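*Asks:* Take a look at the following structure, please.
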Amino acid sequence: MNKYASKDAKWIIKDYSVDAVEQIKEQLGVSALTAKLLNNRGCINGNQALDFLNKDISGFCDPYLLKDMRAAVNKVLEHLENKSKIMIYGDYDVDGVTSTVILYLYLKTLGADVYYFIPERINDGYGLNSNSIDRFIKDDIKLIITVDSGITANQEIDYAAEGGIDVIVTDHHTCLPKLPRACAIINPKRPDCNYPFKELAGVGVVYKFLCALDSKYFKVNIQIATEKIFNLFADFIAIGTIADVMPIRGENRIIVSTGLDKLAKTTNIGLIALLDEINNESNSYKKKSVTSALVGFVIAPRINAAGRMTSAMRAVELFLTHDPNTAHMLAAELCAVNKQRQIHENEIFLEAVDMIKKSFDFENDLFIILDADKWHHGVIGIVASRICEKYHLPCIMISFIGEGREKDGSIGKGSGRSIKGINLFDALSSCKDILEKFGGHELAAGLSVKRENLPELKRRLNEYARQHINQSLLGEKLYIDAEITKNDISIKTATEISVLEPYGLSNPVPLFCLIDFTITDIISIGEGRHTKLTLKKDDSYFTALYFGMSYTQFPYCVGDRVDVACNMDINTFLNKRTVQLTVRSIRQNIAQTEPVRRRLYIYEMFKQGKNVFFASENTPTREDFKTVFMTLRKKAQQKNMIYTELPYYEEDSDYIPVDISYFSRLYYSTAKVKFSVLKVLFVFDILIELGVIETEKTDDELIIKFKIIGWDAKRKVNLDSSSIMKRLKAFSH
């Protein structure tokens, strides 16, 4: 277990400026809560709030502000005039696929002799490579336009130039100190680029390129070209932007907002077929709403699956076809491949977790680096993301699968994900002398490394992490926008805050907290996978859904006083609109935890042999021992635990963890049997003294790991022989 991670995420309620909130509230005519949300997203006055909420394409910047844009446009026009063969060189993720699609479709309308190629992860690797360039030279390609790639392909672009091929780079990834010697490089992250919005996805950069090209080719005003191209391709631009997890602010907010509307009524045959397959898979009586969440968690994984498991060319074919039958065949194929991807992903994830349990040094290391010979290259990036999320540490997964160009398996290809505080691209840059290739962003990157250099890579990256990471950032954090009261939970509030949509990176779904609500009902739903709660505050009752938390794992009881972190939305069912709370986290309210802490203090004093007096109801009876022991024996036989979300559970251990506080509350809630924390602790101590159970320490005084060692059904246990029991009776009153 990560020594910096706690059992529960730390809740951090965001600060806000009182003056800014008041100004936003007055200028926009919104509630104080909505004004706080806008302030939390960087707006310090009403004008900035209006700019943030703007979804009109008039907010787009001039594409000619991008460095090398004129050179790129002129170079394409030159090759169009010469009727040259043009190759679009894409990337195998969603951003690369959508970039390839819109550039290909547009150049076709200009009558270009245009082709596209997307490398395969295993056989070709990421980005431009000499083998592909050799084929392009043979096929008489005269211009390569890279999309979502190329910014670090210095050697490959020089090689293409030697073969008589011009190269235009369109990319958005972090640049190396030395840029490639291409005909033009369009990348807002270029150090010498003054474009005001630096966070475009690769498809956003291609969109800007098409706007400039259309304006020059048809000799029209740039605003006219901007609107024309956006109307043509807004759905694909939005998909690529969301899938590449770009910040949903500035131009990206306009792209995603308008693009989602276009996607809902898309005319692209491939997108229609994919949406149909998704709705058929869900077995729902109604079509899914087109939201950023649908794109990010449903549509994008199916497009990505092609590039991960087979070839991203299949996804491009889906979006370029004019035949509905072909489209539905390809859409079904992507959905099937995605299911295959999920199986591989889960297998590798479990293997990775097992490797971490057995060998990772949480006391000293801050960088998880795992490798294997047979991991599928197309899946390790997703697994790295899951490992990063689980342990709250940066992670790189490397596979020496031994296929493709490195058939001997001596070179491994890796994919990494990071946490705030560790810039993954900078970390890899510090190791560039022992890497074959690398590239990416602050939080995600890819690399190639020789097997012989792997130990040194692990050493250097851990040293880099120790030098650069802020320890306070380690461990799971839950950033909450604001505390809300029972009066804020309303249709009116939920409707008003919806102006912040669409949500995504830098504009997350608003997260609120409810303080000191009482659980009055707990119901299992979704075939046991989810839990429905009824929460009470004063005389008001509210329904909250806890997705992914099964009833058997839910660590609270009816009657518990809790704080709840949740999202607030509107649910429409049978034309009836109601407020829906979606739980993200729950913790005990301090009003419930304080009495437990006081009892723990009494327990510690008693253990130290001091004279402590307490109510006789805390002294266990024979019936109490029977109740506790029978429960423990049942759990031991089932190889289960009392609270299944505990991080202390290890499947291969003989010891079963018990959350003492939950154990006592559970019995009071279900059987109305008075089991204080103090009483349960005394029962455990006496069972240990009498040789019935054995325990292991944990770093939480309320967690006990036990195993039964001395119980025989015929054995008589004399409770009165316990010295602890004698002391309890002497000091109880």
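The values are calculated or read from the model by the stated rules, or taken from the named source; none is laboratory data. Keep in mind it's a predicted model, so treat the numbers as computed, not measured. Virtual Cβ from ideal backbone geometry, glycine too; neighbours counted across all protein chains shown. Only protein heavy atoms, including side chains, enter the accessible area calculation; ligands, DNA and RNA are left aside. Shrake-Rupley method; radii C 1.70, N 1.55, O 1.52, S 1.80 Å.
*Asks:* Only residues in the range 348-373 that are free of Cβ contacts under 8 Å to residues at least 24 places away in the same chain count as the first member; pair them with residues that are surrounded by 12 or more Cβ atoms within 10 Å (Cβ to Cβ), Cβ under 7 angstrom, at least 6 apart or cross-chain, and list the lot.
*Replies:* Every condition considered, the pairs that remain are Met355/Leu370; Phe360/Ile368.
*Asks:* Next question, about the same structure. Of (1) over 30 Å from Ile434 (Cα atoms); (2) not in a strand (DSSP E or B), Thr543 satisfies all except one. Which?
*Replies:* Here Thr543 clears every test but (2).
*Asks:* Give the residue, chosen from Ile269, Ile278, Ile237, Ile255, that is touching a residue at least 60 places away in the same chain (Cβ under 8 Å) and either farther than 20 Å from Asp56 by Cβ or in contact with a helix residue (DSSP H, G or I) (Cβ under 8 Å, 6 or more places away or on another chain) (or both). Steps first, please.
*Replies:* Working: Ile269 fails: touching a residue at least 60 places away in the same chain (Cβ under 8 Å); Ile278 fails: touching a residue at least 60 places away in the same chain (Cβ under 8 Å); Ile255 fails: touching a residue at least 60 places away in the same chain (Cβ under 8 Å).
None of the other options fit; the residue is Ile237.
*Asks:* Right, another one. Exactly one of these conditions fails for Val564: (1) surrounded by fewer than 18 Cβ atoms within 10 Å (Cβ to Cβ); (2) of a type outside the set (Gly, Ala, Ser); (3) under 30 Å from Glu476 (Cα atoms). Give me its number.
*Replies:* (1)
*Asks:* Return the residue satisfying two criteria in turn: it lies in the range 677-711 and is assigned to a strand (DSSP E or B) and basic (Lys, Arg), and of such residues it is most open to solvent (accessible area, probe 1.4 Å).
*Replies:* Going residue by residue through the range 677-711, those that are assigned to a strand (DSSP E or B) are 693-696, 703-708.
Add one more test, that the residue is basic (Lys, Arg), and what stays is 705, 707.
Values: Lys705: 17, Lys707: 56 Å².
Of everything passing the filter in the range 677-711, Lys707 is most open to solvent (accessible area, probe 1.4 Å).
*Asks:* Within the range 30-85, how many residues are closer than 27 Å to Asn487 by Cβ and among the small types (Gly, Ala, Ser)?
*Replies:* Result for the range 30-85: 5.
*Asks:* May I ask you to list the residues in the range 97-140 that are hydroxyl-bearing (Ser, Thr, Tyr) and within 28 Å of the chain's Cα centre (by Cα)? I'd like the intermediate steps shown before the answer.
*Replies:* Restricting attention to the range 97-140, the residues satisfying the condition of being hydroxyl-bearing (Ser, Thr, Tyr) are 98-100, 104, 106, 109, 115-116, 126, 130, 132.
Those that are hydroxyl-bearing (Ser, Thr, Tyr) and within 28 Å of the chain's Cα centre (by Cα): Thr98, Ser99, Thr100, Tyr126.
*Asks:* Also, I was wondering about something else. Which residue, of Phe319, Phe297, is open to solvent by 20 Å² or more (accessible area, probe 1.4 Å), assigned to a helix (DSSP H, G or I) and not β-branched (Val, Ile, Thr)? Lay out the reasoning, then the answer.
*Replies:* Numbers: Phe319 fails: open to solvent by 20 Å² or more (accessible area, probe 1.4 Å).
Answer to the check: Phe297.
*Asks:* For the range 116-165, name all the residues that are within 22 Å of Val101 (Cα to Cα), open to solvent by 50 Å² or more (accessible area, probe 1.4 Å) and part of a helix (DSSP H, G or I).
*Replies:* Passing the criteria: only Arg135.
*Asks:* Identify the residue in the range 413-442 that is in contact (Cβ under 8 Å) with a residue 60 or more places away in the chain and in a loop (DSSP other than H, G, I, E, B) and, among all such residues, is farthest from Thr152 (Cα to Cα).
*Replies:* Only one residue tops the list, namely Glu442.
*Asks:* Name every residue in the range 492-515 that is assigned to a strand (DSSP E or B) and hydrophobic (A, V, I, L, M, F, W, C), in order of residue number. Don't jump to the end; show me each part of the working.
*Replies:* Of the residues in the range 492-515, the ones assigned to a strand (DSSP E or B) are 504-505, 507, 512-515.
Within the range 492-515, Leu505, Phe512, Cys513, Leu514, Ile515 meet the criteria.
*Asks:* What number of residues within the range 424-443 satisfy the criterion of being surrounded by fewer than 19 Cβ atoms within 10 Å (Cβ to Cβ) and under 24 Å from the mean Cα position of the chain (by Cα)?
*Replies:* Selection size over the range 424-443: 3.
*Asks:* Any chance the range 531-546 includes a residue that's over 29 Å from Asp244 (Cα atoms), surrounded by 18 or more Cβ atoms within 10 Å (Cβ to Cβ) and among the small types (Gly, Ala, Ser)?
*Replies:* Yes, there is a match, as at least one residue in the range 531-546 is over 29 Å from Asp244 (Cα atoms), surrounded by 18 or more Cβ atoms within 10 Å (Cβ to Cβ) and among the small types (Gly, Ala, Ser).
*Asks:* For the range 178-217, give me each residue that is open to solvent by 10 Å² or more (accessible area, probe 1.4 Å) and either of a type in the set (Gly, Ala, Ser) or closer than 21 Å to Lys108 by Cα (or both).
*Replies:* Across the range 178-217, the qualifying residues are Ala182, Ser215, Lys216, Tyr217.
*Asks:* Taking the range 149-171, which residues are under 36 Å from the mean Cα position of the chain (by Cα) and in contact (Cβ under 8 Å) with a residue 60 or more places away in the chain? Talk me through it step by step, then tell me what you get.
*Replies:* If we filter the range 149-171 for residues that are under 36 Å from the mean Cα position of the chain (by Cα), which is where we start, we get 149-157, 167-171.
Within the range 149-171, Ser149, Gly150, Ile151, Thr152, Ile168, Thr170 qualify.
*Asks:* Assigned to a strand (DSSP E or B), of a type outside the set (Gly, Ala, Ser) and surrounded by fewer than 17 Cβ atoms within 10 Å (Cβ to Cβ): does that describe Thr518?
*Replies:* On the way: assigned to a strand (DSSP E or B): yes; of a type outside the set (Gly, Ala, Ser): yes; surrounded by fewer than 17 Cβ atoms within 10 Å (Cβ to Cβ): no.
Spelling it out, it is not the case that Thr518 is assigned to a strand (DSSP E or B), of a type outside the set (Gly, Ala, Ser) and surrounded by fewer than 17 Cβ atoms within 10 Å (Cβ to Cβ).
*Asks:* Would you mind telling me which numbered condition in (1) touching a residue at least 40 places away in the same chain (Cβ under 8 Å); (2) touching a Leu at 6+ places or on another chain (Cβ under 8 Å) Asn453 fails?
*Replies:* Every listed condition holds for Asn453 apart from (1).
*Asks:* Would you mind stating whether Ala352 is surrounded by 22 or more Cβ atoms within 10 Å (Cβ to Cβ), farther than 17 Å from Gly307 by Cα and among the aliphatic types (A, V, I, L, M)? First the steps, then the outcome.
*Replies:* Working: surrounded by 22 or more Cβ atoms within 10 Å (Cβ to Cβ): yes; farther than 17 Å from Gly307 by Cα: yes; among the aliphatic types (A, V, I, L, M): yes.
Yes: the conditions hold for Ala352.
*Asks:* Moving on. Considering each of Asn567, Asn589, Asn571, Asn507 in turn, give the residue that is in contact with an Asp or Glu (Cβ under 6 Å, 6 or more places away or on another chain) and not β-branched (Val, Ile, Thr). Quick ask: steps written out before the conclusion?
*Replies:* On the way: Asn567 fails: in contact with an Asp or Glu (Cβ under 6 Å, 6 or more places away or on another chain); Asn571 fails: in contact with an Asp or Glu (Cβ under 6 Å, 6 or more places away or on another chain); Asn507 fails: in contact with an Asp or Glu (Cβ under 6 Å, 6 or more places away or on another chain).
Asn589 is the lone residue from the list that is in contact with an Asp or Glu (Cβ under 6 Å, 6 or more places away or on another chain) and not β-branched (Val, Ile, Thr).
*Asks:* Just give me the residues in the range 362-374 being at pLDDT 85 or above and open to solvent by less than 60 Å² (accessible area, probe 1.4 Å), in sequence order.
*Replies:* Asp365, Leu366, Phe367, Ile368, Ile369, Leu370, Asp371, Ala372
*Asks:* Separate question: Select from the range 24-83 the residues that are more than 27 Å from the chain's Cα centre (by Cα), of a type outside the set (A, V, I, L, M, F, W, C) and assigned to a loop (DSSP other than H, G, I, E, B) and list them in ascending order.
*Replies:* Gly29, Ser31, Asn45, Asp56, Asp62, Lys67, Asp68, Asn82, Lys83
*Asks:* Output the number of residues of the range 464-501 satisfying the condition of being open to solvent by 10 Å² or more (accessible area, probe 1.4 Å) and closer than 20 Å to Asn252 by Cβ.
*Replies:* The number of residues fulfilling the criteria is 3.
*Asks:* While we're here: Looking only at the range 140-184, which residues are modelled with pLDDT under 95 and among the hydroxyl-bearing types (Ser, Thr, Tyr)?
*Replies:* Listed by number, the residues that qualify are Ser149, Thr152, Thr174.
*Asks:* Another question about this same structure. Tell me the residue from Asp93, Asp56, Asp113 that is open to solvent by 10 Å² or more (accessible area, probe 1.4 Å), of a type outside the set (A, V, I, L, M) and modelled with pLDDT of 95 or more, please. Give the steps one after another, and end with the answer.
*Replies:* Details: Asp93 fails: modelled with pLDDT of 95 or more; Asp56 fails: modelled with pLDDT of 95 or more.
Just a single option satisfies the conditions, and that option is Asp113.
*Asks:* Looking at (1) of a type outside the set (A, V, I, L, M); (2) part of a strand (DSSP E or B); (3) touching a Lys or Arg at 6+ places or on another chain (Cβ under 8 Å), which one does Arg190 not meet, given that it meets all the others?
*Replies:* With (1) of a type outside the set (A, V, I, L, M); (2) part of a strand (DSSP E or B); (3) touching a Lys or Arg at 6+ places or on another chain (Cβ under 8 Å) applied to Arg190, the lone miss is (2).
*Asks:* Also, I was wondering about something else. Of these, Thr170, Thr174, which one is surrounded by fewer than 24 Cβ atoms within 10 Å (Cβ to Cβ) and either within 20 Å of Val101 (Cα to Cα) or β-branched (Val, Ile, Thr) (or both)?
*Replies:* Working: Thr170 fails: surrounded by fewer than 24 Cβ atoms within 10 Å (Cβ to Cβ).
Criteria check complete, one pass: Thr174.
*Asks:* Additional query: What single numbered condition from (1) over 23 Å from Leu232 (Cα atoms); (2) at pLDDT 95 or above; (3) in contact with a Phe, Trp or Tyr (Cβ under 8 Å, 6 or more places away or on another chain) fails to hold for Arg308?
*Replies:* Result: Arg308 passes all but (2).
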